[in-house]
1. How many residues does the range 152-162 hold that are of a type in the set (A, V, I, L, M) and within 13 Å of the ligand (Cβ to nearest atom)?
2. Which condition breaks for I222 when tested against (1) open to solvent by 60 Å² or more (accessible area, probe 1.4 Å); (2) within 17 Å of the chain's Cα centre (by Cα)?
3. Could you tell me which of the residues I222, I170 is closer than 22 Å to S3 by Cα and in contact with a Leu (Cβ under 7 Å, 6 or more places away or on another chain)?
4. It is to be established whether one or more residues within the range 115-129 are in contact with a strand residue (DSSP E or B) (Cβ under 7 Å, 6 or more places away or on another chain) and closer than 15 Å to P172 by Cβ.
5. Pull up the range 7-25, narrow it to residues that are in a helix (DSSP H, G or I) and under 19 Å from the mean Cα position of the chain (by Cα), then point me to the one that is surrounded by the most Cβ atoms within 10 Å (Cβ to Cβ).
6. Looking at the range 106-115, which of its residues are part of a helix (DSSP H, G or I) and either among the β-branched types (V, I, T) or open to solvent by 70 Å² or more (accessible area, probe 1.4 Å) (or both)?
Amino acid sequence: MSSTLIVLNLKTYLEGTGEGAVKVAQACKEVADDSGIEIGVAPQFCDIYRVASQVDLPVYSQSLDPVGAGSFTGHAFAQCVKDSGAIGTLINHSECRLTLANIDASISAAKGVGFRTIVCTNNVATSAAAAALGPDYVAVEPPELIGSGIPVSQADPEVVTGSVEAVKRIDPAVQVLCGAGISKGEDLVAALELGSVGVLLASGIVKAADPGAALEDLVSKI
Ligand SMILES: O=C[C@H](O)COP(=O)(O)O
């Protein structure tokens with residue numbers, strides 16, 4: 001496997017009892033195996049167990065709450081998310097934002113169960129702030145480009161290069177992903193050329209008529 005990382009966030013695009021998520025995850029696995037590129041998938045909480053038990057692929061939760069076992073109604077408890085089969089989590093996605101204190105606490109909760117942590121940010125300043133909290137990855141995504149079909153690598157390359165520089169300055173061990181509007185092979189190549197190690201993406205693949213073919217295109221140029 002190369003060190004390039006692709007994480008496909010399924011958001012709440014898929015209805016049903018998880019069959020759709022399993023199908024997309026299987027397509028991810030096939031493309032990962034064929035290309036040698038690591039691909040992970042982030043289904044809804046209710047689909048984590050089903051996806052993780054049916055597909056041999058890294059599964060992430062879409063968020064994680066900074067709570068332990070106890071009286072925490074409506075929260076996602078790290079140990080249970082892990083027991084469901086996840087190996088990591090997104091934290092602070094633009095569509096599920098947390099306070100700075102809760103980002104820090106969620107990273108701690110995730111690390112407490114050995115999770116890979118991907119903290120989402122919206123600009124260079126928040127990328128630097130997130131890096132100071134020591135996650136494994138910072139994923140920078142300008143909110144206005146999310147779901148737009150306009151790749152961040154084209155519309156706002158400076159937010160990627162700026163985040164890479166800022167994160168490196170704060171903690172060189174933290175790696176940078178970028179996302180928003182990424183869907184094609186040239187978008188992934190551009191993301192890597194801007195200094196990120198991979199992409200966090202969603203609509204361009206999940207909403208494609210053939211997600212498997214869209215994934216093949218995504219990895220076709222590296
Ligand atoms: O988590 C994924 C990002 O929000 C990007 O979404 P998008 O690929 O639909 O723009």
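The values are calculated or read from the model by the stated rules, or taken from the named source; none is laboratory data. Nothing here was measured: the structure is a model prediction, and the numbers come from that model. No Cβ is skipped: glycine too gets one built from the backbone with ideal geometry, and neighbour counts run over all protein chains shown. Just so you know, the surface numbers come from the protein's heavy atoms only, side chains and all, with ligands and any DNA or RNA stripped out. Shrake-Rupley method; radii C 1.70, N 1.55, O 1.52, S 1.80 Å.
1. Residues flagged as of a type in the set (A, V, I, L, M) and within 13 Å of the ligand (Cβ to nearest atom) within the range 152-162 amount to 2.
2. I222 satisfies every listed condition except (2).
3. I222 is the lone residue from the list that is closer than 22 Å to S3 by Cα and in contact with a Leu (Cβ under 7 Å, 6 or more places away or on another chain).
4. So far as the range 115-129 goes, yes, one or more of its residues are in contact with a strand residue (DSSP E or B) (Cβ under 7 Å, 6 or more places away or on another chain) and closer than 15 Å to P172 by Cβ.
5. This residue is A25.
6. I107, S108, K111
Matching residues to (1) at positive phi; (2) within 16 Å of the ligand (Cβ to nearest atom); (3) open to solvent by less than 10 Å² (accessible area, probe 1.4 Å); (4) not in a helix (DSSP H, G or I):
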position: C80; (1), (2), (3), (4): no, no, no, no
position: L90; (1), (2), (3), (4): no, yes, yes, yes
position: C96; (1), (2), (3), (4): no, yes, no, yes
position: A101; (1), (2), (3), (4): no, no, no, no
position: D104; (1), (2), (3), (4): no, no, no, no
position: V119; (1), (2), (3), (4): no, yes, yes, yes
position: A125; (1), (2), (3), (4): no, no, no, no
position: P135; (1), (2), (3), (4): no, yes, yes, yes
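Matching residues to (1) within 14 Å of the ligand (Cβ to nearest atom); (2) open to solvent by 10 Å² or more (accessible area, probe 1.4 Å); (3) not in a loop (DSSP other than H, G, I, E, B):
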| residue | (1), (2), (3) |
| --- | --- |
| I150 | yes, yes, no |
| V164 | no, yes, yes |
| R169 | no, yes, yes |
| A173 | no, yes, no |
| L188 | yes, no, yes |
| G195 | no, yes, no |
| I205 | yes, no, yes |
| A213 | no, yes, yes |
| L218 | yes, no, yes |
